[in-house]
Amino acid sequence: MKIFKEGGHRLFESDPQTAAVVGEMLIDLEKNGMDAVRRYSERFDGWNPKSFELSEAEIAEAAAKVPEQIRSDTEYSQANVRKFAQAQMEMFRDIEVEVRPGAVLGHKNIPVRSVCSYIPGGRYPLFGSAQMSIIPPKVAGVRNVYAFTPPVKGGGYYPATVNAMKTAGADRIFILGGVPALAMAAFGMEGVEPVDMICGAGNKYITEAKRQLFGRCGIDLLAGPSEVVIIADGGSDPALVACDLLGQAEHDVNSGLALICFDEGYAQKCMDELARQIVSLGTKDVAEQSWSRYGTVYIAEDIDEAIKISDDWAPEHLELLVRKADQQKYLDGLRNYGSLFVGEETTVAYGDKTIGTNHILPTSRAARYTGGVWVGKFIKTLTYQRCTAAASRETGEVVYRQCVAEQLPGHAATAKMRVEKYK
């Protein structure tokens, strides 16, 4: 392996200042409830309406303002997400097995009761995020999905986001952003039950609030700045490779970007093309910083080494811009990625917006141990057991001996009593 362009691998970092700010806010919000919610909302967003929750009439009014093409495209995208989530649900089944005569074990798949879905959007109308954190829990069978999105700076909200939240299946919709939104849901305020889980992307304050609230309620995952790794073997147009790198570079000045090639000449063509395209990119200021600071280009000796480099990165998004004849080898060998985009016919933006896979994905090498958001995130697989009298006696004899050996007389007594009872 050779590093053709040096760049940092963007990892989740400890941020004591953000942690302290969020911690103080959460203490205040739990103690002072809606008074604190209103104070922070006014302070950060200039937003303090009579009610943060939208009425059905307000939701309908917002939807009516959305252009027909956007409404149609939203329905198209949400249909794909819903269909994929419904297919994923088919893998879940309750089971029961008799491991020994009279000893029956089983498990049931039960959805959590309530979820807070956070849809970012204080700066941009990211209405595509609504389907990613609302549809999977609703398909999983979650009873109550409370959807929150921040107001537009200075007041109001994006009609397209409200429309998307409603059509995705949100049970209640709130215009409230940041840490106060998560606190309202986690602590239970203004008629919202304390939720079982928080789901959705956001800025560093949202991520830190999720981290600190974990335990009180569940979370989907901790998402850092966006990442992409592209493996390109020379068969794809360098202009396409550069375009896809820039598509993620514009997310954040800390976006993680890596290109894995097999030839220095081809790598240089991709870099030259990126330099050409970035000049006219509307988000040049952001993309230029992320590429300069975190863009890395590797030259791999062969496919196996390319797979090894990628698995070490464990990227949020992984694009395979490689020959069709080699795609299966990559599919068989790769283990660590949030979502995989196979062939130049697809790209990260497809997964972000429309095609149906989820865009809430692991970053900072978390793909080594978890996948992204899907219906399974909202389902608890719970076990149970039952025994006949004879099976209880047989099991109890083994348990009694083991408890004695482990010097746990209280445990041993529970088994011994059953052995004697069912003689």
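Miscellaneous remarks
- Under the convention that each Lys and Arg Cβ holds +1 and each Asp and Glu Cβ holds -1, the size of the dipole of segment 1-70 around its Cα centre is about 380 debye.
- Using R0 = 56 Å, the C-beta based FRET efficiency linking S292 and L408 works out to 0.40.
- Set of lysines near K210 by C-alpha distance (under 17 Å), chain-local residues within fewer than 8 positions excluded: K377
- Highest-fluctuation residue, S72, S236, S117 considered, GNM on the chain with Cα pairs under 10 Å: S72
- The residues of the chain present an accessible area of 49 Å² per residue when probed at 1.4 Å with all protein chains retained.
- Two-site FRET efficiency, M417 against V97, from Cβ-Cβ distance with R₀ of 30 Å, rounded to 0.05: 0.65
- Long pairs among K166/K353; K31/K166; K329/K353; K2/K269; K83/K138, criterion Cα-Cα beyond 21 Å: K31/K166; K329/K353
- Qualifying aspartates and glutamates (Cα of each under 14 Å from Cα of K5; at least 8 residues distant if same chain): D263, E264, D272
- When exposed loop sites are taken as GluC sites (Glu not before Pro) in a DSSP loop with at most 12 other Cβ atoms within 10 Å, the longest stretch of the chain clear of them is 91-300.
- Between the residues A287, L321, G333, the greatest Cα displacement towards the positive end of the dipole of segment 283-333, with unit charges on the Cβ of Lys, Arg, Asp and Glu, is found for A287.
- Per residue Cα convex hull volume in Å³ - calculated over segment 168-220: 86 Å³
- FRET efficiency for the A87 to D15 pair, using the beta carbon distance and R₀ = 41 Å, is estimated at 0.60.
- Taking each residue as 0.36 nm, the span from R172 to Y384 lengthens on full extension beyond its C-alpha to C-alpha distance by 72.9 nm.
- The distance separating the Cα centre of segment 351-423 from that of segment 230-263 comes to 43 Å.
- Segment 171-196 residues near the modelled M34 label - backbone nitrogen below 11 Å, point 7 Å along Cα→Cβ: 189-192
- Relative to the globular-protein estimate of 2.2 N^0.38 Å, the Cα radius of gyration of the chain stands at 1.16.
The values are calculated or read from the model by the stated rules, or taken from the named source; none is laboratory data. All figures in this text were calculated on a predicted structure; none of them were measured in a lab. FYI the Cβ positions are ideal-geometry reconstructions off the backbone, even for glycines, and counts take in every protein chain you see. These area figures cover heavy atoms from the full protein model, side chains too; ligands, DNA and RNA do not enter into them. Shrake-Rupley method; radii C 1.70, N 1.55, O 1.52, S 1.80 Å.
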